[in-house]
Amino acid sequence: MTTTIPTRTLGTTGPQVSALGLGCMGMSALYGDSDRAESVATVHAALEAGVTLLDTGDFYGMGHNELLVGEALRTAPAALREQARVSVKFGALRGPDGSWLGYDGRPEAVKNFAAYSLQRLGVDHIDVYRLARLDPSVPIEETVGAIAELVEQGYVRHIGLSEVGADTVRRAAATAPIADLQIEYSLISRGIEDRILPATRELGIGITAYGVLSRGLISGHFTADRQLAANDFRALSPRFQGDNLQHNLSLVEALRKIAEEKGVSVAQIAIAWVLSRGDDIVPLVGARSRNRLSEALGALDVTLDAADLAAVEKAVPADAAAGARYPESQMEHLDSER
């Protein structure tokens, strides 16, 4: 594990954070059962290693994840707790059975969600606050404007966006300063490169990239015979189904050959590729254990030269993946895909 983690700044107006962030969602939801004690220990290990960016959402486990992150912060040494920067997504509506009921970006809802998040996290402010998915019934200007009011009141430090397209990014940025856009970006999810990334760079907005290992698909650890639990959403994900899975795992094997030649793991070379895309991009790694965290942090020590990058992109060309990022019902909520 690297002992000194470099830092990057989220856009021109955002905070300085570690070059890798920790995505905490899987500790509470969507990837099957998790171990709470190991989850808290993983957050502590990340902070101790120099990871400062922790990403959560108020709807991950219907508040469970914020409570978990809050516990991890509360029980961490004061110096580590103070250096943590917490990013929160809000707005997804859930039913008691875990069903998805849409998104709410109304100004009054923004402030209501924030009040509950502050309480669950046990903090007096949220470092980056963002609507998880665009609410089609509410102009982005109204949602961002409400977050801007929370910034003025001291409850939020910076405004972020999530999974929105270039046009929405521009409208949001015209309303208030935007620190970053959180969006999926990996070797097999490169859709942001055409319009979204040029727009964020023009506007001085950073990228926090989630899904850098495509939910474990390109981690080098996923196998075709793996049985997924009923509460693991990958069981419904198009990229993990049938022939799609076989095709995508063949890409991983091509990547594995390159990784082995460099003496690194598949996960490390996949993360290093995202890191190489620019200093304005901060990958989020969804490690749920200290072992996986240690492997991910090792990517910071991987240097990819021009020849390496060419080999990686030959093994996994843009648009090479089979299957959509999400099931069709969820793709409909992605402004970034329009």
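The values are calculated or read from the model by the stated rules, or taken from the named source; none is laboratory data. Note that the coordinates shown come from a computational prediction; the quantities given were computed from them, not determined experimentally. Here Cβ is always computed from backbone atoms with ideal geometry, including for glycine, and neighbour counts include all displayed protein chains. Heads up: the accessible areas ignore ligands, DNA and RNA and are worked out on the full protein's heavy atoms, side chains in. Shrake-Rupley method; radii C 1.70, N 1.55, O 1.52, S 1.80 Å.
Step through the residues of the stretch 8-25 one at a time and calculate ³J(HN,Hα) from phi using the Karplus curve (6.51 cos²θ - 1.76 cosθ + 1.60, θ = phi - 60°), rounding each to whole Hz and writing x for Gly and Pro.
My calculation for the stretch 8-25 gives 9, 9, 7, x, 8, 10, x, x, 7, 9, 5, 5, 10, x, 9, x, 9, 3 Hz in order.
What are the extents of the Cα atoms of the stretch 82-221 along their three principal axes, listed from largest to smallest and rounded to whole Å?
Taking the Cα atoms of the stretch 82-221, the three principal extents are 41, 38, 37 Å.
Over 5 Å intervals from 0, what percent of Cα-Cα pairs in the stretch 281-338 sits in each interval?
P(r) over the stretch 281-338, rounded to whole percents: 4, 13, 12, 15, 21, 19, 13, 3.
Suppose we look only past 22 Å in the calculated P(r) of the stretch 230-304. What percent of the Cα-Cα pairs does that tail hold? List each step's numbers first, then the result.
Details: 994 of 2775 pairs.
That tail contains 36 percent of the Cα-Cα pairs.
Please work out the FRET efficiency for the pair SER250 and ARG106, using the Cβ-Cβ distance as r and a Förster radius of 56 Å; give the result to the nearest 0.05.
Values: r = 46 Å, r/R0 = 0.81.
Rounded to the nearest 0.05, the efficiency is 0.80.
Would you work out the charge dipole size for the stretch 142-285 about its Cα centre, treating the Cβ of every Lys and Arg as +1 and the Cβ of every Asp and Glu as -1, and quote it to the nearest 20 debye? Let's see the in-between values first.
Details: 14 positive and 18 negative charges, 61 e Å.
The calculation lands at about 300 debye.
Express in whole angstrom the spacing between the alpha-carbon centres of the stretch 287-338 and the stretch 192-270.
Cα centroid to Cα centroid, the span is 4 Å.
Using the Cα centre as the reference, give the magnitude of the dipole from point charges on the C-beta atoms of the stretch 109-212 (Lys, Arg: +1; Asp, Glu: -1; all else neutral), rounded to the nearest 20 debye.
Values: 10 positive and 14 negative charges, 25 e Å.
With Lys and Arg at +1 and Asp and Glu at -1, about 120 debye.
Would you calculate a helix-derived [θ] at 222 nm for the chain, using -39,500 (n - 2.57) for each DSSP H run of n ≥ 4 and dividing by the full residue count, to the nearest 500?
Values: 12 runs with 131 residues, N = 338.
The helix-only estimate for the chain comes to -11500 deg cm²/dmol at 222 nm.
Please list 3J(HN,Hα) in residue order for the stretch 234-239, calculated via the Karplus relation 6.51 cos²θ - 1.76 cosθ + 1.60 where θ = phi - 60°; whole Hz, with x for glycine and proline.
5, 5, 10, 6, x, 6
If contacts are Cα pairs under 8 angstrom and at least 6 residues apart, what is the relative contact order of the chain in percent? Could you put the intermediate results ahead of the total?
Details: 662 pairs, mean separation 72.4, N = 338.
Contact order relative to length: 21 percent.
Quick check: at a probe of 1.4 Å, how many percent of the accessible area of the stretch 288-338 sits on carbon and sulfur atoms?
Numbers: 1270 of 2790 Å².
Result for the stretch 288-338: 46 percent of the exposed heavy-atom area is carbon or sulfur.
Check VAL156: other-chain or 5+ apart residues with amide H under 5 Å from its amide H, H built from backbone geometry?
ILE126, VAL151
Compute the angle between helix 166-175 and the longest alpha-carbon principal axis of the chain, please, reported from 0 to 90 degrees and rounded to the nearest 10.
Tilt relative to the chain: about 30 degrees.
Once label points are set 7 Å from the Cα along Cα→Cβ at both THR12 and ALA318, what is their separation, rounded to one decimal in nm?
2.5 nm
Farthest toward the dipole's positive end in the chain, which of VAL128, GLY61, PRO107, given Cβ charges of +1 (Lys, Arg) and -1 (Asp, Glu) about the Cα centre?
Going by the charge dipole, the pick is GLY61.
Can you tell me the dipole magnitude for the chain around its Cα centre, using point charges on the Cβ only (Lys, Arg +1; Asp, Glu -1), in Debye to the nearest 20? List each step's numbers first, then the result.
Values: 32 positive and 44 negative charges, 63 e Å.
For this selection, approximately 300 debye.
For the stretch 180-255, report the translational diffusion coefficient in µm²/s to the nearest whole number, using Stokes-Einstein at 4 °C, 1.567 mPa s, and a Kirkwood Rh over Cα pairs. Don't skip to the end; give the middle numbers.
Details: Rh = 13.9 Å.
Estimated via Stokes-Einstein, D reaches 93 µm²/s.
Looking at the chain as a GNM with Cα springs under 10 Å, which of LEU22, LEU187, LEU30 has the largest mean-square fluctuation?
For the chain, modelled as a Gaussian network with Cα springs under 10 Å, the answer is LEU30.
Per residue, how much accessible surface does the chain expose to a 1.4 Å probe? Answer in Å², no decimals.
Values: 13990 Å² over 338 residues.
Per residue, the chain has 41 Å² of solvent-accessible surface.
Determine, at each q value in 0.31 (inverse angstroms), the log₁₀ of I(q)/I(0) that the Debye formula gives when each Cα of the stretch 27-69 is one equal point scatterer.
-1.14
Simple spin-label model, 7 Å along Cα-to-Cβ: ASP305 to ASP33 in nm?
4.9 nm
Tell me the angle of helix 36-49 to the major Cα principal axis of the chain, expressed in degrees between 0 and 90 and rounded to the nearest ten.
Helix 36-49 sits roughly 90 degrees off the main axis of the chain.
Put +1 on the Cβ of every Lys and Arg and -1 on every Asp and Glu Cβ in the stretch 201-254; which of ALA254, LEU236, ALA209 then has its Cα farthest towards the positive end of the dipole?
ALA209
Dividing the alpha-carbon Rg of the chain by 2.2 N^0.38 Å yields what?
Values: Rg = 18.7 Å, N = 338, 2.2 N^0.38 = 20.1 Å.
Against the compact-globule rule of thumb, the ratio is 0.93.
Kindly write out, for the stretch 159-165 in residue order, the coupling ³J(HN,Hα) from the Karplus curve 6.51 cos²θ - 1.76 cosθ + 1.60 (θ = phi - 60°), rounded to whole Hz, with x marking Gly and Pro.
Each residue's phi maps through the Karplus curve to give 9, x, 10, 8, 6, 10, x Hz.
Which three extents, in angstrom, do the Cα atoms of the stretch 160-203 have along their principal axes, listed largest first?
Largest to smallest, the principal-axis extents are 32, 16, 13 Å.
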